[in-house]
Each structure stands twice: as C-alpha cells, then as structure tokens.
Amino acid sequence: ASAEAEVVDAVAFRAQAGSHLDDMNKDLDDIIVTVQENGFWRLLSNTGELAFNFGQLEALDAPANVAVTWPESLVALDTTLDALSDAVSTQDGPTILAAVEVVRAQVEATRGVVNSAQ
C-alpha cells in the first residue's frame, strides 16, 4: 500500500495566513498609536501579539508551490520582528516607527507569497 502525499488546501492556507497577516498589520497600527501616545509600557503586549501571530503563521502547512518561498519569507519576517523588538527596547519613538515600517513591508512581501499559493 502506498501512502498518498498530503495535499495542502491552498484556499484555506491563503485565508488563514491572510488573516494572521491582517492581525499583524493591526498590531503594527497599535504600536504606532502607542508610540504617539507615549505609552511605551503597552509596546510589550503589542510585540507579544505579533509574536503570537508569527507562531500561527509558522504552524501553517504550505502548499507545495510555495514550499521554498514560504519558509524563506517567514525567516525574513522573523528577522524584522526581532529588529522591532530591539527597537522597542530603546523606547525611542522614531526608531520604533521606522522598525514598524520595515515589518509592515515584510508582512506585505509575505502576503505576496501567500497569494501565490496554489
């Protein structure tokens, strides 16, 4: 008996990953508001929420056609999240806001990989 390779539902993958990426954008928006309000203590929970959403993305099974680009995209996203976390530790608003934009750009690059899943 031969085992069939599990086929990942690309529509479900795109929907789930897209939802997590949307949540990340909301968390990034929250960080901007937090910086504008000088509420630096809230930044820890904001970055925690980003880490949670990243974990959700990592847990997804990707369709075969993005089997290479998906993990690469996640590594790049993780790198930008680490840089954001480092920026948050400085409590310097402009540094944090610049890091937010880098993460947002990577979220959208990751969305491009997601949208190419078939």
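Every residue in the stretch 78-103 that is closer than 22 Å to PHE13 by Cα and open to solvent by 50 Å² or more (accessible area, probe 1.4 Å), please.
ASP78
Considering each residue of the stretch 49-77, count those that are open to solvent by less than 30 Å² (accessible area, probe 1.4 Å) and β-branched (Val, Ile, Thr), and give that number.
1
Restricting attention to the stretch 17-48, report how many residues are among the small types (Gly, Ala, Ser) and open to solvent by 50 Å² or more (accessible area, probe 1.4 Å).
Looking only at the stretch 17-48, we keep the residues that are among the small types (Gly, Ala, Ser), and these are 17-19, 39, 45, 48.
If we keep only those that are open to solvent by 50 Å² or more (accessible area, probe 1.4 Å) too, we end up with 19, 45.
Residues in the stretch 17-48 being among the small types (Gly, Ala, Ser) and open to solvent by 50 Å² or more (accessible area, probe 1.4 Å): 2 in total.
Just for the stretch 104-118: of the residues that are in contact with a Lys or Arg (Cβ under 7 Å, 6 or more places away or on another chain) and not small (Gly, Ala, Ser), which one is surrounded by the fewest Cβ atoms within 10 Å (Cβ to Cβ)?
Initially, the stretch 104-118 is screened for residues in contact with a Lys or Arg (Cβ under 7 Å, 6 or more places away or on another chain), giving 114-115, 117.
Then drop every residue that is not not small (Gly, Ala, Ser), which leaves 114-115.
Details: VAL114: 25, ASN115: 11.
Filtering first and then ranking leaves ASN115.
Can you pull out the residues in the stretch 26-67 that are among the charged types (D, E, K, R), assigned to a helix (DSSP H, G or I) and over 12 Å from the mean Cα position of the chain (by Cα)?
Listed by number, the residues that qualify are ASP29, ASP30, ARG42.
State whether one or more residues within the stretch 107-115 are more than 12 Å from the chain's Cα centre (by Cα), assigned to a helix (DSSP H, G or I) and charged (D, E, K, R).
Taking every residue of the stretch 107-115 in turn, none turns out to be more than 12 Å from the chain's Cα centre (by Cα), assigned to a helix (DSSP H, G or I) and charged (D, E, K, R).
The values are calculated or read from the model by the stated rules, or taken from the named source; none is laboratory data. Note that the structure is a prediction, hence the values are computed from the model and not measured. Cβ atoms come from the backbone with ideal geometry, glycine included; neighbour counts cover every protein chain shown. Ligands, DNA and RNA are excluded from the accessible area calculation, which covers all protein heavy atoms including side chains. Shrake-Rupley method; radii C 1.70, N 1.55, O 1.52, S 1.80 Å.
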